[in-house]
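A.B. asks: Quick one: this structure, given as structure tokens, is what I'll be asking you about.
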Amino acid sequence: MKKILALLITASLLLFTMGNVCASSDYAEELLSALSIMQGDPNGNMRYDDKVSRAESAKIVVATSTYRDFIDKEGASSPFLDVPYTHWASHYISVGVKNGLFKGYFDATFRPSNTVLFEEATVMFLRVLGYNDEDFGNDWPYDQIEIAKKIGLLNNVGKTIGQELTRRDISTLAYNTLMSNPKGADVTHLSAFNKIVGPKTVLS
């Protein structure tokens, strides 16, 4: 498994550097699957054209973060009125909120069934990379999107403010997050997974 993962990561890094890969490629798809960030349905279909709910995005964002092993599936609480602890994503949502990856609405709801918007998902992944409110100005969401563009987070993401995201869009964001440098770091976020899934040997 580690050898396969090493090959996937090496291939993805090389292709990303060359600028010839997007998140829907076989390499990126296999990488996200190997890291249990995004996987297909029971038939193996990725359903890239399906819309992504806020609950699904919460799971993907947490799985892309260094908090991915903090999930307590035995917990019996939820921070939102519309996310009972029995909801399949409640544990991911709880971890994400606790560690500042995303927030709910002012009425104490998370609206898990709503389709996630471009700007919402962008900020979630920025927070995975260590950016927080102190890094953002008062011009929501333009300041956040400007940062995301500068660090390459929005490469190959063809959506704009207010648009709903598909599974293809969020897979691209997740892949770009892995290949981006966290705030103040000189190595990619992918390197953090050495501590999570074990060391990988670069074979090329």
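The values are calculated or read from the model by the stated rules, or taken from the named source; none is laboratory data. None of these values were measured; they are calculated from a predicted model. Counting neighbours? That spans all protein chains shown, and the Cβs are built from the backbone with ideal geometry, glycine included. Please note that ligands, DNA and RNA were not included when accessible areas were found on the heavy atoms of the full protein model with its side chains. Shrake-Rupley method; radii C 1.70, N 1.55, O 1.52, S 1.80 Å.
A.B. asks: Quick one: E30 ticks every box in (1) modelled with pLDDT of 85 or more; (2) in a loop (DSSP other than H, G, I, E, B); (3) open to solvent by 60 Å² or more (accessible area, probe 1.4 Å) except a single one, so which number is it?
C.D. replies: That leaves (2) as the condition not met.
A.B. asks: Next up: Could you tell me which of the residues G162, G184 is outside any helix (DSSP H, G or I) and more than 26 Å from D69 (Cα to Cα)? Spell out how you get there, then give the answer.
C.D. replies: Details: G184 fails: more than 26 Å from D69 (Cα to Cα).
Checking each option against the conditions leaves just G162.
A.B. asks: Looking at S78, S94, which one is of a type outside the set (V, I, T) and assigned to a loop (DSSP other than H, G, I, E, B)? Please lay out each step first, then the result.
C.D. replies: Values: S94 fails: assigned to a loop (DSSP other than H, G, I, E, B).
Within the list S78, S94, the selection yields S78.
A.B. asks: Scan the stretch 39-53 and tell me whether some residue there is touching a Phe, Trp or Tyr at 6+ places or on another chain (Cβ under 8 Å), part of a loop (DSSP other than H, G, I, E, B) and over 23 Å from K149 (Cα atoms). Walk me through how you get there before you give the answer.
C.D. replies: At the first step, the residues of the stretch 39-53 found to be touching a Phe, Trp or Tyr at 6+ places or on another chain (Cβ under 8 Å) are none.
No.
A.B. asks: Continuing with this model, one more query. Can you name every residue in the stretch 76-128 that is within 17 Å of I170 (Cα to Cα), open to solvent by 50 Å² or more (accessible area, probe 1.4 Å) and in contact with a helix residue (DSSP H, G or I) (Cβ under 6 Å, 6 or more places away or on another chain)?
C.D. replies: Listed by number, the list holds a single entry, N114.
A.B. asks: OK, next. Do we have E134 as acidic (D, E), part of a helix (DSSP H, G or I) and surrounded by fewer than 19 Cβ atoms within 10 Å (Cβ to Cβ) here?
C.D. replies: Values: acidic (D, E): yes; part of a helix (DSSP H, G or I): yes; surrounded by fewer than 19 Cβ atoms within 10 Å (Cβ to Cβ): yes.
For E134, the condition - acidic (D, E), part of a helix (DSSP H, G or I) and surrounded by fewer than 19 Cβ atoms within 10 Å (Cβ to Cβ) - is met.
A.B. asks: On the given criteria, is L126 under 21 Å from K59 (Cα atoms), modelled with pLDDT of 95 or more and part of a loop (DSSP other than H, G, I, E, B)? Reasoning before the result, please.
C.D. replies: Values: under 21 Å from K59 (Cα atoms): yes; modelled with pLDDT of 95 or more: yes; part of a loop (DSSP other than H, G, I, E, B): no.
For L126, the condition - under 21 Å from K59 (Cα atoms), modelled with pLDDT of 95 or more and part of a loop (DSSP other than H, G, I, E, B) - is not met.
A.B. asks: I've got another one for you. Within the stretch 154-174, identify whether any single residue is open to solvent by 20 Å² or more (accessible area, probe 1.4 Å), in contact (Cβ under 8 Å) with a residue 12 or more places away in the chain and touching a Pro at 6+ places or on another chain (Cβ under 8 Å), and answer yes or no.
C.D. replies: yes
A.B. asks: Does the stretch 84-114 hold any residues that are within 15 Å of the chain's Cα centre (by Cα) and either of a type in the set (S, T, N, Q) or on the phi > 0 side of the Ramachandran plot (or both), and which are they?
C.D. replies: Across the stretch 84-114, the qualifying residues are N99, G100.
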